[in-house]
Amino acid sequence: MNHSKRHGEILRLLQEEGTITIAALAEKLGVSLETVRRDVKPLTNDGSVLKMHGAISLPSLAGEAPFERRMRENAEAKRAIARLVATTIQDGDSVMLDTGTTTSFLARELLGHRRLTVITNSSDIARTLATVNGNKVYMAGGELRSDSGAAFGASAIEFVSRFTVTHSVLSVGAVDAAIGIMDYNLDEAEFARMVLTRGARTVVVTDHTKFGRHGLVKVCDFKDFQELYTDHLPPRDVAAALEEAGVRVIVANGLREAAA
């Protein structure tokens, strides 16, 4: 495959997957990492492709894309993270989940569990886990957002504040080494902040493409949660900040673990 054909193939893969790592791109194209980086450079220079830590995406996917499209981005990685987190949740446990693609994947991985008590603001998560295996599902009320089918605002926050659960699990939009966990929407950040206060165990789930991103709104400091599940070890600056805060980092690929 020559240089120009690879450019076309890179753009085709991005249309299908939204975001893709450099390593995965090299494997799919059957070329070296060095060749991929060389091919990607002119695409990033002319604005066709957005470069981030260890991955590339289409410019239209910067920030928060519509929920359905985000569910397709890095789906394999998110599913691996969700599968690992699901193994730490037992039948009969109580779980609070905010809206997010990785938490939606987690809901699907929890379909084999029984007698869960689930509190969420996500209609997708509520539909997935309600009426099966003896689960109890409580959904926060309020106006549903058209892009994600999730409820936000004062009534949703007040509703979940009534509960105390075994596990609080948060899906995030950006992880900034200097600031902490961030999001792109004020309502989502405020709801997420409340979720973190309701669990005996507090967990953040995120694929590696969120590392090094800078959102619009701060959700919390790294010290405000206990565990972070991801698919690749964080970059050095993020890893150092997590370690300093005492956060346990668990990596789904290969089940590697970095304990702070």
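Each value in this text was obtained by applying a stated rule to the coordinates, not by laboratory testing. Please read all numbers here as calculations on a predicted model, not as lab measurements. Glycine gets a Cβ as well: all are built from the backbone with ideal geometry, and neighbour counts include every protein chain shown.
How high is the relative contact order of the chain, given as a whole-number percent (alpha carbon pairs under 8 Å, six or more residues apart)?
Relative CO of the chain lands at 14 percent.
In debye, nearest 20: dipole of the chain around its Cα centre with unit charges on the Cβ of K, R (+) and D, E (-)? Working shown, then result.
Numbers: 31 positive and 33 negative charges, 96 e Å.
Once rounded to the nearest 20, the dipole reads 460 debye.
Tell me, Tyr184, Tyr229 in order of fewest to most beta-carbon neighbours within 10 Å?
Ranking Tyr184, Tyr229 by Cβ neighbours within 10 Å, fewest first, gives Tyr184, Tyr229.
Could you line up His232, His53, His214 from fewest to most neighbouring Cβ atoms inside 10 Å?
On the way: His232 20, His53 17, His214 11.
The most exposed by this proxy come first: His214, His53, His232.
What value, in deg cm²/dmol to 500, does the helix sum -39500 (n - 2.57) over DSSP H runs of n ≥ 4 give at 222 nm once divided by the residues of the chain?
Value at 222 nm, helices only, nearest 500: -11000 deg cm²/dmol.
Within the chain, how many lysine pairs that are 8 or more places apart, or on different chains, have C-alpha atoms less than 22 Å apart?
Lysine pairs meeting both conditions in the chain amount to 13.
Using R₀ = 25 Å, calculate the FRET efficiency as 1/(1 + (r/R₀)^6) where r is the Cβ-Cβ separation of Leu111 and Ala200; round to 0.05.
Result of the calculation: an efficiency of 0.60.
What is the extension gain from Lys223 to Glu143, computed as 0.36 nm multiplied by their sequence separation minus the C-alpha to C-alpha distance, in nm to one decimal?
25.7 nm
Across the chain, where is the longest run that never hits trypsin sites (Lys or Arg not before Pro) in a DSSP loop with at most 13 other C-beta atoms within 10 Å?
Maximal segment without exposed cleavage sites: 1-113.
Take the Cβ-Cβ distance between Ala154 and Lys5 as r, set R0 to 51 Å, and report the resulting FRET efficiency rounded to the nearest 0.05.
Calculated transfer efficiency: 0.40.
Given that compact globular proteins tend to follow 2.2 N^0.38 Å, what is the ratio of the alpha-carbon Rg of the chain to that value? Walk me through the numbers on the way to the answer.
Working: Rg = 18.6 Å, N = 260, 2.2 N^0.38 = 18.2 Å.
Here the Cα radius of gyration is 1.02 times the empirical estimate.
Might you report the magnitude of the Cβ-based charge dipole of the stretch 119-213 about its Cα centre, with Lys and Arg at +1 and Asp and Glu at -1, to the nearest 20 debye? All intermediate terms of the calculation are to be shown ahead of the outcome.
Numbers: 9 positive and 10 negative charges, 81 e Å.
So the dipole magnitude of the stretch 119-213 works out to roughly 400 debye.
How far apart, in nm, are the 7 Å Cα→Cβ label points at Ala240 and Asp91?
My value for the distance between the label points is 4.7 nm.
Residues with amide H under 5 Å of Asp231's amide H, sequence separation 5 or more or different chain, H placed in the peptide plane at 1.01 Å from N; which?
His208, Ala252
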